[in-house]
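Beneath this line is the structure, given in structure tokens, with notes to follow.
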Amino acid sequence: NVTLVSAEVEKAVADVTLPEGVKISFSGENEMIMEAIEQLALMLMKYAEMKGYDVTKTKELDELADVANVSDWATNAVKWAAANGVISGKPGAEGSDEMNIDPKGEASRAECAAMLRTFMVNIAKAN
């Protein structure tokens, strides 16, 4: 339970003196995850490598309007995740037909859960 763990950590750091300008905040289970798409893609690819799964299949991301925003360190992992159906993009601005990956945006727990589920079905189960 994220809330229980957060409460324990909050107690543990209550007396810590932080440098000026640094703060610790706890939001619980509804916390949005920053840069989640590219971070989770990399974590899943590294996990797949560790398990000995094939991670050579990749896909160019030309159909995603904001592909240039993917960090260099995450590019291969994002291409791998797209090729394996773990990510497919999400709608762009209202009234636009473009799809985005939003690699540096926030992701909900539901979006992360969908990526994990797809990984389990498309990759882990297949191996």
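The values are calculated or read from the model by the stated rules, or taken from the named source; none is laboratory data. Everything numeric in this text was worked out from a predicted model, so none of it was measured. No Cβ is skipped: glycine too gets one built from the backbone with ideal geometry, and neighbour counts run over all protein chains shown. Side chains are part of the model used for accessible areas, which takes the heavy atoms of the whole protein and leaves out ligands, DNA and RNA. Shrake-Rupley method; radii C 1.70, N 1.55, O 1.52, S 1.80 Å.
What to note about this one:
- Within the set SER88, SER108, SER71, the sole residue that is open to solvent by 80 Å² or more (accessible area, probe 1.4 Å), over 13 Å from ALA48 (Cα atoms) and of a type outside the set (Lys, Arg) turns out to be SER88.
- Within the range 28-36, the presence of a residue that is under 19 Å from LYS125 (Cα atoms) and either modelled with pLDDT under 85 or loosely packed, with under 14 Cβ neighbours inside 10 Å (or both) is excluded.
- Residue match in the range 91-101 (condition: at positive phi and open to solvent by 60 Å² or more (accessible area, probe 1.4 Å)): yes
- Tallying residues that are more than 16 Å from VAL78 (Cα to Cα) and either touching a residue at least 24 places away in the same chain (Cβ under 8 Å) or not in a helix (DSSP H, G or I) (or both) within the range 107-127 yields 6.
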